[in-house]
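The block underneath contains the structure these notes are about, expressed in structure tokens.
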Amino acid sequence: MRFDLDRLVSSPRFLIIVSALLSSFSFLFTSLSWVIIVSTVPLLFYVHTMGRRTKKQVLFDFYIFGLVLCGFANMFLFQMSPENWNIGLNGWITIVARCIAWVLVCGFCALAYVVLGLSLMHIQSFKNRLLLLPLLFPAVELLRSYMFAAMAYGPKSNFSPNFNWGSLAVPGSGTFLVYNSRILGFFGITIAIILINVALFFLLQRRFFSAVQILCIVLLCTVIGWKQGEQTYQSRQIRVSVVHLSEQDDMKDTRDLNSLPEQTNILVLPEYSGIDKNPDPTAYLKSLAIDGVAITSIVNGKSPKGTNRIIYISRLNTIIDEQDKTFLIPTGEVLPYSLQFSFKSIGKSWINESFKYTQQLERGDKKERVFTTKDGISIGTLACSGVSALNEYSRLADEGADVLVNTASLAFLQPNSLYHAYAQNMARFQAVSNNLPFAQASRSGQSYILDNQGNILVKSNGQNKQVLSAVVGIQ
């Protein structure tokens, strides 16, 4: 006897909401990433009976589906700390600012899923819907990413699909399915997730042969992707160390960094670490190998013309390379036009002007490039939330990077922000998809070092100042 489909779909909107909630739970914590593997099964039962509902009902249901997804994925907006902005927001406007940003982003980006509902409605056969859904869903995620980019667009912004909180591929990167990214890219992880859910749907329908076929295809792609990393020839072992700081810490005083391992080839410090203000940096430089480098960033100049400058420091305390950041972060380094209009409409135009002269930064004239040390180690570095950028680390990998680095400061978020689950999953994606070790040093949030297979070798524990170190293999 087959699964009682009619009973299950008696409350179709309940099914689509359940699917949205299951997907959303996987966004919140890395320990729940596996939920994404079963999250869209209820959605498939809803899609099976779409013909029983009017066009208006279907489009509304998919909008609610998208609203729930986007709502949970952007919950970190409520965990921002406007009091850390130099413009000094306080009182009721600190709450209103976050609410405005959340409502604008979620309400607008949820429209992408209306496109998904509309597309499925035009496919009469349920079989064809199932065949096309693994392609339609990631296409809609790409559209949603561009829609977020439009909402987040501001002076000197990047209009690119680099804002993918809400994509199934993010929690999927926390599972074994991340290895599909080596074959199909970031959104290929979403394709694998949808295919697995289709297979589970077939199992519930007792269509075992079809389910096994799909699962074998996904398993084969996953194994091939995994084997690519296992078979990578690593001719050299190097030591990478990162320093984790709390929100209040800086590197102006390095007396407590005696735990830095000797002969460190790459030392990653958080963004705006303050090491350039240290009167005696030998406490940490002496632990570098002869040709080792320390990496951090500084503010070069003043807003609105200043830049976020990545610097490479030698063992002799000289800056041997510097690069200006090109991927600016909405509300951190650039204020989106949508928020500028919102503040103006509620009589708070002063926020726009204050942000311009206290927070706003210029985009670098040239893309960040690979830096090669004297002993032949090539490093690709991005600052702040560069881990979100889908193409920048892959570009650096193509240019010959041996190690990918992120120097970050996440002090504008609470230490336990939901954003950090997103960042860790994206770090794993960057390591695996580019088949390279990845190291992040952060103020607040999390710091870690991953190998080319996405295994976390070391990770910060709490928010106290700490040194992490690991040996990684490079080609």
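The values are calculated or read from the model by the stated rules, or taken from the named source; none is laboratory data. Being a predicted model, the structure only gives us computed values, none of them experimental. Virtual Cβ from ideal backbone geometry, glycine too; neighbours counted across all protein chains shown.
Please list, ordered by residue number, the helices (runs of 4 or more DSSP H) wholly in segment 171-234 having 2 or more residues that are farther than 20 Å from L135 by Cα and of a type in the set (A, V, I, L, M). Explain how you work it out, then say what you get.
Numbers: elements: 181-184, 186-204, 208-230.
Because the criterion is at least 2 residues that are farther than 20 Å from L135 by Cα and of a type in the set (A, V, I, L, M), the helices (runs of 4 or more DSSP H) in segment 171-234 that meet it are 186-204, 208-230.
The condition of being under 24 Å from F76 (Cα atoms), crowded, with 24+ Cβ neighbours inside 10 Å and in contact (Cβ under 8 Å) with a residue 24 or more places away in the chain does not hold for A401. Within segment 340-348, not a single residue is closer than 25 Å to F438 by Cβ and among the hydroxyl-bearing types (S, T, Y). Which of the residues that make up segment 455-464 are touching a residue at least 40 places away in the same chain (Cβ under 8 Å) and surrounded by fewer than 18 Cβ atoms within 10 Å (Cβ to Cβ)? N464, the sole residue that qualifies. Look at E247 and say whether it is assigned to a loop (DSSP other than H, G, I, E, B) and out of contact with any strand residue (DSSP E or B) (no Cβ under 7 Å at 6 or more places or on another chain). No, not satisfied.
Scanning segment 403-461 for residues that are on the phi > 0 side of the Ramachandran plot and modelled with pLDDT of 95 or more yields N435, G454.
Within segment 347-377, which residues are closer than 15 Å to L404 by Cα and either assigned to a strand (DSSP E or B) or acidic (D, E) (or both)? Scanning segment 347-377 gives E368, F371, T372. Scanning segment 124-139 for residues that are under 21 Å from the mean Cα position of the chain (by Cα) and buried (at least 20 other Cβ atoms within 10 Å of the Cβ) gives F137, P138.
Kindly establish whether L316 is farther than 19 Å from V403 by Cβ and surrounded by 23 or more Cβ atoms within 10 Å (Cβ to Cβ). For L316, the condition - farther than 19 Å from V403 by Cβ and surrounded by 23 or more Cβ atoms within 10 Å (Cβ to Cβ) - is not met. When T307, T264 are screened for being surrounded by 21 or more Cβ atoms within 10 Å (Cβ to Cβ), more than 22 Å from the chain's Cα centre (by Cα) and under 25 Å from A101 (Cβ atoms), only T307 passes. Taken as a whole, the condition of being assigned to a helix (DSSP H, G or I) and at pLDDT 90 or above does not apply to L104. Filtered by the rule that a residue be farther than 20 Å from L361 by Cβ and outside any loop (DSSP other than H, G, I, E, B), segment 279-311 gives T282, A283, Y284, L285, L288, A289, I290, D291, G292, V293, A294.
For first residues located in segment 182-207 and on the phi > 0 side of the Ramachandran plot, partners that are not in a helix (DSSP H, G or I) and lie 6+ apart or on another chain with Cβ distances below 6 Å form the pairs R206/R2. Checking S167, S181, S173, S145 one by one, the residue that is closer than 20 Å to A73 by Cβ, in the same structural domain as C109 (by TED's automatic domain parsing), touching an Asp or Glu at 6+ places or on another chain (Cβ under 7 Å) and crowded, with 17+ Cβ neighbours inside 10 Å is S167 and no other. Output the number of residues of segment 206-219 satisfying the condition of being closer than 15 Å to L184 by Cα and over 26 Å from the mean Cα position of the chain (by Cα). So the answer is 1.
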